[in-house]
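The next block holds one structure in the form of structure tokens; read it before the comments.
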Amino acid sequence: MKKQSSHKYLITGGYGFIGSALIRELITNNNNTIINIDKLGYASNKNAIGSVRGNKNYHFYKGDICNDKIISNALKKHSPDFIIHLAAETHVDRSIDDPSGFVVSNILGTYNLLNSSLAYWRTLRKKQREKFKLVLVSTDEVFGSLKLKDKKSTENSLYKPNSPYSASKASADHLGRAWFRTYKLPIITTNTCNNYGPWQFPEKLIPLTILKCIQNKKIPVYGNGKQIRDWIYVDDHIRGLLKVITKGKIGDTYNIGSNNELRNIDVVKSICSILDEVYPKKKGKYSELIQYVSDRPGHDTRYAIDNNKITKLGWKPKYFWKESLKRTVIWYINIHVTQHIVVLLYKSGKIRE
Ligand code: NAD
């Protein structure tokens, strides 16, 4: 197989769900250099990149993207070819309870990253300046809620964010657009849909449902459960981001969607059926644990993005929902069982720190 050339990537939020999948891919399949800046918030998990932490091409800086010194120093020291900006506060419910952290990390943090990147980019020699790209990773939630009969959101759809989370991401996207238009900083923005896969923090629908089932606890489902989301396997999203870096047009935006629209309640029921098969309950079915709870305020009915534009770059989703969901469920069972055994061993004194 043709050896791909290696690059230096600065990744923000690399210990989060998507960032860690990106790092695993970039280090495992190529000899790339990774610089990861992450504040190690509640959703981070250092274990998610496994042995990569010991790789000589991996560099980690614990810090907040609102701190310009951390970013500027890392840029100066490592001179990356690309920046992929993933660091953000990401849970809608938390943004409703307290939007302040979302405004700080997602808006001010992005502003700070743009400014530091611009200063860095201006110092580069012609060849590296022409190679450099900054990818801002955003969400389909910025397009707001669609009705069932509405066409999917395209890259030209209006921004109509409804939650503090989506409003903060929309603000970040607008800043990126302005830094490209005004200062010519080479930025590409991507809007992706709901990702699923291993290592997602278990407050999001899929891991939350799996863990509630394994613990034999009630599975909370908002409202009538009929809200529709498009679900993409995280590795497809990663492939999309890398495609956009190599083939995308500077200043453009790309939807990375999977044409896989599902109602929340159907996602939950699919997980229950998989668990009935691979990890059966002693008595009854997992779907008996479903409990409808009061709806989230301002809960959007449907998100759906048109992915035609990125398919023209030669990308399309390759992971099928049913098997990828099953793989994800099995992954969470294994990690849960392993953790349980480790806890028991600690308690019994058979292993020590
Ligand atoms: P995550 O919550 O799992 O991880 C986010 C990471 O960013 C964490 O490790 C956290 O410590 C870090 N972080 C947050 N604020 C920071 C700050 N101020 N400074 C430094 N680090 C900070 O999120 P994720 O699911 O991996 O999402 C990554 C990106 O993708 C986000 O920008 C999110 O908006 C976007 N996105 C995610 C999804 C999804 O389904 N997960 C869908 C669309 C878009």
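The values are calculated or read from the model by the stated rules, or taken from the named source; none is laboratory data. Computed from a predicted model, the values in this text were never measured in an experiment. Cβ: placed from backbone, ideal geometry, glycine included. Neighbour counts: every protein chain shown.
Taking first residues from the range 332-353 that are within 17 Å of LYS212 (Cα to Cα) and surrounded by 11 or more Cβ atoms within 10 Å (Cβ to Cβ) and partners that are at pLDDT 75 or above and aromatic (Phe, Trp, Tyr), the Cβ contacts under 8 Å between residues at least 6 apart in sequence or on separate chains come to ILE333/TYR279. The residues of the range 25-36 that are buried (at least 20 other Cβ atoms within 10 Å of the Cβ) and assigned to a helix (DSSP H, G or I), listed by number, are LEU26, ILE27.
This table checks each residue for (1) loosely packed, with under 15 Cβ neighbours inside 10 Å; (2) assigned to a loop (DSSP other than H, G, I, E, B); (3) among the aromatic types (Phe, Trp, Tyr).
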position	(1), (2), (3)
ASN112	no, no, no
GLN128	yes, no, no
LYS160	no, yes, no
TYR165	no, no, yes
ALA178	yes, no, no
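Taking the residues in the range 130-155 that are within 16 Å of the ligand (Cβ to nearest atom) and among the charged types (D, E, K, R) as candidates, determine which candidate is surrounded by the most Cβ atoms within 10 Å (Cβ to Cβ). Per the criteria, the residue is ASP140.
Among the residues of the range 54-67, the ones that are surrounded by 15 or more Cβ atoms within 10 Å (Cβ to Cβ) and either under 22 Å from SER138 (Cα atoms) or free of Cβ contacts under 8 Å to residues at least 24 places away in the same chain (or both) come to 5 in all. Taking only pairs six or more apart or across chains, which ones have beta-carbon atoms under 6 Å, a first residue in the range 12-39 that is over 25 Å from TRP231 (Cα atoms), and a second residue that is surrounded by fewer than 24 Cβ atoms within 10 Å (Cβ to Cβ) and of a type in the set (Phe, Trp, Tyr)? Matching pairs, first to second residue: ILE34/TYR58; ASN36/PHE60; ILE37/TYR61.
Residue count for the range 129-158, restricted to those that are farther than 17 Å from ALA172 by Cα and in contact (Cβ under 8 Å) with a residue 24 or more places away in the chain: 11.
If we keep just the residues of the range 37-89 that are of a type in the set (Lys, Arg) and not in a helix (DSSP H, G or I), which is farthest from the ligand (Cβ to nearest atom)? For the range 37-89, the residue satisfying everything is LYS56. Out of SER324, SER258, SER270, SER287, one residue alone is within 23 Å of the chain's Cα centre (by Cα), closer than 18 Å to GLY225 by Cβ, modelled with pLDDT of 95 or more and of a type outside the set (A, V, I, L, M). It is SER270. Checking each residue of the range 96-103 against the condition of being of a type outside the set (Gly, Ala, Ser), under 18 Å from ARG239 (Cβ atoms), in a loop (DSSP other than H, G, I, E, B) and within 15 Å of the ligand (Cβ to nearest atom) gives no match.
Note on the range 264-292: among residues that are farther than 19 Å from LYS326 by Cβ and basic (Lys, Arg), the one that is surrounded by the fewest Cβ atoms within 10 Å (Cβ to Cβ) is LYS282. TYR233: in contact with a Lys or Arg (Cβ under 8 Å, 6 or more places away or on another chain) and aromatic (Phe, Trp, Tyr), yes or no? It is false that TYR233 is in contact with a Lys or Arg (Cβ under 8 Å, 6 or more places away or on another chain) and aromatic (Phe, Trp, Tyr).
Close contacts from the range 254-272, counting a first residue that is in a helix (DSSP H, G or I) and a second that is modelled with pLDDT under 95 and surrounded by 22 or more Cβ atoms within 10 Å (Cβ to Cβ), with Cβ to Cβ under 7 Å and a gap of 6+ residues or different chains, come to none at all.
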